[in-house]
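Report on one structure; see the data block that follows.
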Amino acid sequence: MKFESISEVSNILFDPLRIWAENSTYNWNILIGSGLALILVGGILVYVYQRKMGKSDERTSPIFLKSSLIMLCSVILCDLIFPKEYMWEIFFLFKYSLAFLASGIYLAIQYNRDFLN
C-alpha cells in the first residue's frame, strides 16, 4: 500500500475516531471532556512544578527551556499527524493538551531527579 502524503495516513488513522464521534452527541461530548481534562491536568502539572522549582536561575533555566522545547516539538508533531479537514477544533484541543502534558511530565521527572536526590 503506497501513501501519497502524510495526510492520507492521518485520515486512515483518525477516520474511525471521526465516525465514532459523529455517531452521537454523547460520544462528541466524551471527546471534548477528555480533551479538557487532559489540558487541565497538563496545565496543573506545568504550573505546580514550575512553582516548586522556584525562580529562574542558572540551575532551572535550562530545565525551563527544555520544557518549552518539548512543548514546541509536541505541537509540531501533532500538527503533522492530526488531520486538518475534519474535527480540527477537537484536534486543536488535543494538540495543546498533549503539549502541556508532555511538558508537565518532563518537569515532574526533572524535579524528582534534580531536587529530591
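Highest mean packing first, where packing is the average number of other Cβ atoms within 10 Å per residue, the peptides 77-85, 94-102, 25-33 line up as 94-102, 77-85, 25-33. Here the Gaussian network model covers the chain, with springs between Cα atoms less than 10 Å apart; of 34, 68, 56, 56 fluctuates the most.
Computed from Cα atoms, the angle from the helix 61-81 axis to the main principal axis of the chain rounds to 0 degrees.
Relative to the current alpha-carbon distance between residue 22 and residue 55, full extension at 0.36 nm per residue lengthens the span by 7.3 nm. Distance between the modelled labels on residue 11 and residue 30, one decimal in nanometres: 2.6 nm (7 Å Cα→Cβ projection).
Comparing 103, 74, 24 in a Gaussian network model of the chain where C-alpha atoms under 10 Å apart are linked, the largest mean-square fluctuation is found at 24.
Taking a sphere under 14 Å around the Cβ of residue 72 and counting the other residues whose Cβ falls inside, with K and R at +1 and D and E at -1, yields a net charge of +1. Counting only DSSP H runs of at least 4 residues, each contributing -39500 (n - 2.57), and dividing by the residue count of the chain, the helix-based mean residue ellipticity at 222 nm comes to -28500 deg cm²/dmol. Going through (i) 13, 35, 27, 17, 7, 0; (ii) 12, 38, 30, 13, 6, 2, 0; (iii) 15, 51, 31, 3, the figure that equals P(r) over Cα pairs in 10 Å bins from 0, in percent as computed for the structure here is (i). With a 10 Å cut-off between alpha carbons and a GNM built on the chain, which of 58, 89, 22 moves the most? Per the Cα network of the chain with a 10 Å cutoff, 58 tops the list.
No value in this document is a laboratory result; all are computed from the given coordinates. What you see is a predicted model, and the numbers here were worked out from it, not measured in a lab. Note that each Cβ is placed from the backbone with ideal geometry, even for glycine, and that neighbours are counted across all protein chains shown.
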